[in-house]
Amino acid sequence: MNYQERYLLHHAIRAVIKGGQEIMEVYGSEFTVEIKEDKSPLTLADKKAHKAIGSILQPTGIPVLSEEGRNIAYEERRKWDLFWLADPLDGTKEFIKRNGEFTVNIALIREGRPVMGVIFVPVTGLLYFATEGLGAFKINVRGDYSESLDELIRSSEKLPLDTKAGKYTVVGSRSHLSPETQDYINALTKKEPELEFVSIGSSLKLCLVAEGKAHIYPRFGPTMEWDTAAGQAIVEIAGGRVM
């Protein structure tokens with residue numbers, strides 16, 4: 001990993017953790033919920049995390065496309081060969097339910113491919129990160145990210161984890177399980193009678209695949225690039241596939 005890649009990974013990790021801290025300040029308060037034009041919910045936590053992420057990524061000189069800042073004209077975005085793709089709060093419905101299953105996602109996109117991914121779980125402090133040439137990792141981070149990047153990497157577990165093969169595990173959405181996805185799972189059950197289904201929110205599903213704790217995450221309903229880009233990078237760099 002060269003100096004430029006280290007610099008970018010360092011900023012991405014700082015950004016997801018800072019975004020997570022902003023989210024947790026709202027999480028413990030009485031917050032209101034707005035409904036966006038696409039019928040999805042929006043809270044103060046989304047907005048504060050978006051602002052915090054932008055302030056940390058801006059010095060990298062790489063443009064940022066965030067779910068909460070997606071009004072950048074396509075004519076401008078289409079020229080970007082390299083850009084950050086962020087979801088400041090993935091799993092807003094889980095945030096509203098206060099079940100802890102929400103994440104902060106940042107991916108680095110180069111020529112249409114996610115080549116770096118960082119995912120932070122604010123409630124638990126779990127951090128997933130991956131970049132090509134280094135590998136995919138998982139660590140529990142408490143408080144600020146104050147240690148050096150080298151120390152963080154040395155202290156992390158490399159993905160996939162050395163987990164014993166058990167039941168064929170399928171992971172799916174807690175809030176967006178479509179009829180098509182359910183039909184696919186039902187068909188899998190005929191092939192894998194011991195199949196175990198795990199329901200969980202946000203990009204945590206892709207993280208479980210990257211860890212090796214889940215075999216597959218099927219989804220046939222709509223999704224957005226900022227929902228999946230960071231998780232795709234982590235899964236693929238850990239040796240999995242996203243199709």
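The values are calculated or read from the model by the stated rules, or taken from the named source; none is laboratory data. Values in this document were obtained by computation on a predicted structure and should not be read as measured data. Because the Cβ atoms are built from the backbone with ideal geometry, glycine has one as well, and the counts that use them run over all protein chains shown. Note: areas computed on protein heavy atoms with side chains; ligands, DNA, RNA excluded. Shrake-Rupley method; radii C 1.70, N 1.55, O 1.52, S 1.80 Å.
For the reader, a short list of remarks on this structure follows.
- Taking segment 209-243 and a reference point 7 angstrom along Cα→Cβ of residue 110, the backbone N atoms nearer than 15 Å belong to 233-234, 237.
- Too-long pairs where the Cα-Cα distance tops 24 Å, listed order kept, from 36/213; 18/97; 158/190: 36/213; 158/190
- Computed FRET value (nearest 0.05) for residue 134 with residue 55, which takes r as the C-beta separation and R₀ as 25 Å: 0.50
- The calculated FRET efficiency for residue 182 paired with residue 2, based on their beta-carbon distance and R0 = 30 Å, is about 0.10.
- Accessible area in the full protein assembly, largest first, 1.4 Å probe, for 177, 188, 44: 44, 177, 188
- Cα Rg, Dmax (largest Cα-Cα span) when computed across segment 99-243, Å: 15.4, 49
- Taking packing as the residue-averaged number of other Cβ atoms within 10 angstrom, the listed peptides 86-92, 31-37 run from highest to lowest as 86-92, 31-37.
- Relative contact order (percent, whole number), segment 54-168, Cα cutoff 8 Å, 6+ residue spacing: 14
- Mean separation of Cα contacts under 8 Å, 6 or more apart, over the residue count of the chain: relative contact order %: 19
- The value given for the chain is a Kirkwood hydrodynamic radius of 18.3 Å, derived from the mean inverse Cα-Cα separation.
- ³J(HN,Hα) computed for each position of segment 114-127 - Karplus, 6.51 cos²θ - 1.76 cosθ + 1.60, integer Hz, glycine/proline x: x, 10, 8, x, 9, 10, 10, 10, x, 5, 9, x, 6, 10
- For segment 83-92, putting each phi into the Karplus relation 6.51 cos²θ - 1.76 cosθ + 1.60 with θ = phi - 60° gives couplings of 7, 7, 10, 10, 10, x, 8, 8, x, 4 Hz, in residue order, rounded to whole numbers and with x for Gly and Pro.
- Computed on protein heavy atoms with a 1.4 Å probe, the accessible areas place 3, 184 in the order 3, 184, largest first.
- Relative to the current alpha-carbon distance between residue 194 and residue 35, full extension at 0.36 nm per residue lengthens the span by 53.2 nm.
- In this structure residue 79 has an accessible area near 150 Å², from a 1.4 Å probe over the protein heavy atoms.
- Rounded to the nearest 5, the antiparallel percentage of DSSP beta bridges internal to the chain is 80%.
- When the chain is treated as a Gaussian network with alpha carbon springs shorter than 10 Å, the biggest mean-square fluctuation among 227, 46, 183 belongs to 183.
- For the chain, the 222 nm mean residue ellipticity estimated from helices alone, with every DSSP H stretch of n ≥ 4 adding -39500 (n - 2.57) and the total spread over all residues, rounds to -11500 deg cm²/dmol.
- Accessible area (Å², 1.4 Å probe, nearest 10) - residue 1: 70
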